Every structure is written in structure tokens, then in C-alpha cells.
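The values are calculated or read from the model by the stated rules, or taken from the named source; none is laboratory data. What you see is a predicted model; the values in this text were computed from it and never measured. Ideal geometry is used to build each Cβ from the backbone, glycine not excepted, and the neighbour counts take in all protein chains shown.
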Amino acid sequence: MSGELIKLRIKAYKDAKFSDEVADGEFKSLLNPDKYAFKYKIESNHDQASGTSKSSPKFNKILPEDLSLEFVFDRTGVITDYGSPGAADDQTFKDEGGGIIDDIEKFKKVVFDYNGDEHKPNYLIISWGTLLFKGTLTEMDITYKLFKSDGTPLRATASAKFKGFVEDNLRVAMENNSSPDLTHIRTVKEGDKLPLMAFRIYGDSKYYLEVAKANNITNFRKLTVGSKIFFPPIQKTS
């Protein structure tokens, strides 16, 4: 290991593909966090038909994770930025007239400011050690804790929460979702019958005629092993 202090870094992007960087849109923490927390949530469907007995909740989808972080801003001189080992680029963060206001404004510009071009907050990549998180800011609280005699703040903490962002194709792969609202492609195996395949996808074999129509299958009783069948999203009927 080099001994160089690696800082938590936030990089801002204008687009959901993380290809268009925001100008001057990078923030490096002055003091690395002593912890960060992930929150995971599974969404279930609790609906039930009128007049029926209570049923178990049905899995709907896995929601993107939430990340909670606390950032420290300090201009009292206690935080030292150590540069490369042996280099004369160490500096101590002291008040230079503006307290920590400039530091916080820089932080807000990256994580909080509204992107006028895209009409939405910036997309963010947060990285530090094994942490690599893509998402957007959902809420932030800033608490000022220490002041100069004239009221200028010297120390503050920012508690921030971020909502994870997962590209659509990766999200579907992660969830391994078999929802009838999604498109599916299946390879015909020995013994497969179209009604049975429709049942596996939609939970009801009666939709096999719609699948046959979508694939121009004229003889659904004799499927070719190795062929691929397209199962489109359907509107279920009772």
C-alpha cells in the first residue's frame, strides 16, 4: 500500500447513463466518515379480492437501496489534508474569512443543486474503498456546531440520504423477475408444450394462443426444440 489517504469522492453527472459529467462537479470529503449505512426494502402487494379471506403478501419488486452518510466540515485547523507520502502538499484547513460556507456550497453544488439542463437533480457516483454507489440525493440536514465570536460557523455536519439508481437492464437481471408485465424469451426444451410454458410465465395456460399469435406459431402442439419463443407483456383477464 502507498500510505496515501484515500478520500470519499462524489462525482456528479447530468444523465442516467453517467456519461455527461457536470462541470466542476466533484467533491472530496475533508474527513472520511466513520460509518455508512445501507437500507434495503422489498415491496409487496397486499391487495385482495373483495369477500375473500386474508392472503399472504405477494412479492412485487426489490426497491433500490438507500445510502446514509454523514459529512464533516471543519475550519478550526484540526483537519489536515495529507498529500502523497514525502510530498510537500500537506495543508491544514483553517478559517480564511468565510468559515465553512464555501466548503458547504461546493458540496451542495455537487449533490444538491438542481440541474437546469435536465430539469432534475444530478446523478451521483459515490466511491470510497469498496463502496461504489450510484444514486441521487433525497434529503440532507446541515447542523452548525462551532462558531467564531462574530457568528461565522467553523464546524458543521451534513447528514445526507441517497436513493440508489440501477439501470433498467441490470435491475431486471438482479431481481430475476418473472412478472407478466415484462418481456420474456424462452428456449424450447424437450417436452415443452406452449400451454405449460405460458403457465410458467403468466400463471395461467390460457394465454398460450396470444403467445402463438405473437410468434406466428401455427402448430403449437409441436414445438421445435432449441427454437426461441417470445412471451410479450399481456393484459390479464379474469
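Overview of results
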read-out	value
Near pairs, Cβ below 8 angstrom, 6+ apart or cross-chain, from region 204-226 (assigned by TED's automatic domain parsing to the domain that holds HIS184) to any residue that is acidic (Asp, Glu)	LEU223/ASP192; VAL225/GLU190; VAL225/ASP192
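Conditions (1) modelled with pLDDT under 90; (2) of a type in the set (Phe, Trp, Tyr); (3) within 23 Å of the chain's Cα centre (by Cα), marked per residue:
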| position | (1), (2), (3) |
| --- | --- |
| MET140 | no, no, yes |
| LYS161 | no, no, yes |
| ALA173 | yes, no, yes |
| ASN176 | yes, no, yes |
| THR218 | yes, no, no |
| LYS228 | yes, no, no |
| PRO232 | yes, no, no |
